[in-house]
Amino acid sequence: MRLVGPNGDNIGVVPRAEALRIAREANLDLVEVAPNARPPVCRVMDFGKFLYERSKKERQARKAQAKVEIKELRLRPKTSEHHRDFKVRSARKWLEKGMKVRVRMLFRGREITYPEIALEDLKEVAEALADIAVIEKPPALEGRSMLMILAPAKKKK
């Protein structure tokens, strides 16, 4: 097997017994790094320390990830224009903070027979927020509601 030393230096191709002896002398573990290589590659290292550092890196990566929060606006086809504008102002604040906004138009009773009214309202909401948002998912009918998802637009420099 090809052996890599504790400092990362290449020791070369050595028999398994020799590799184990070198690892024991260094008071470290012999870890198989590339089993499919010809010959297999092993490394002398502290395996516990390696696992700890890897988990630490994963935690840091998760912490650095941006958590995208989705806020929801609920409207109805009969929602007044003033009330809709009031809700659009809330959506504008959320988009400026970097959150996504799901606009849901709820239908009750026979309102579902006129989806074009809801579509028109959703388009007006999208136009009102066009300067700071892009449509991530266009309006689509899902059950007894019509959904549209808006995402914050990339800032121009």
- Of the residues in region 104-157, how many are among the hydroxyl-bearing types (Ser, Thr, Tyr) and not assigned by TED's automatic domain parsing to the domain that holds residue 89? 0
- Message: Taking the conditions exactly as written (hydrophobic (A, V, I, L, M, F, W, C) and in contact with a helix residue (DSSP H, G or I) (Cβ under 8 Å, 6 or more places away or on another chain)), does residue 68 satisfy them or not?
- Response: no
- Message: With without any contact (Cβ under 8 Å) to a residue 24 or more places away in the chain and closer than 30 Å to residue 137 by Cβ as the only criterion, which of 34, 64 stands out?
- Response: 64
- Filtered residue count, region 67-98, keeping only those that are basic (Lys, Arg) and under 20 Å from residue 139 (Cβ atoms): 7
- Query: Would you say residue 95 is touching a Ser or Thr at 6+ places or on another chain (Cβ under 9 Å) and at pLDDT 90 or above?
  - Reply: no
- Select the helices (runs of 4 or more DSSP H) contained entirely in region 30-145, then report the ones holding at least 2 residues which are closer than 30 Å to residue 2 by Cα. 47-64
- Message: Tell me whether region 62-82 contains one or more residues that are hydrophobic (A, V, I, L, M, F, W, C) and over 20 Å from residue 148 (Cβ atoms).
- Response: yes
- Item | Pick from region 78-111, criterion surrounded by 12 or more Cβ atoms within 10 Å (Cβ to Cβ) and of a type in the set (Ser, Thr, Tyr), ranking: farthest from residue 133 (Cα to Cα) | 79
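The values are calculated or read from the model by the stated rules, or taken from the named source; none is laboratory data. All figures in this text were calculated on a predicted structure; none of them were measured in a lab. Neighbour counts run over all protein chains shown; Cβ positions are idealised from the backbone, glycine included.
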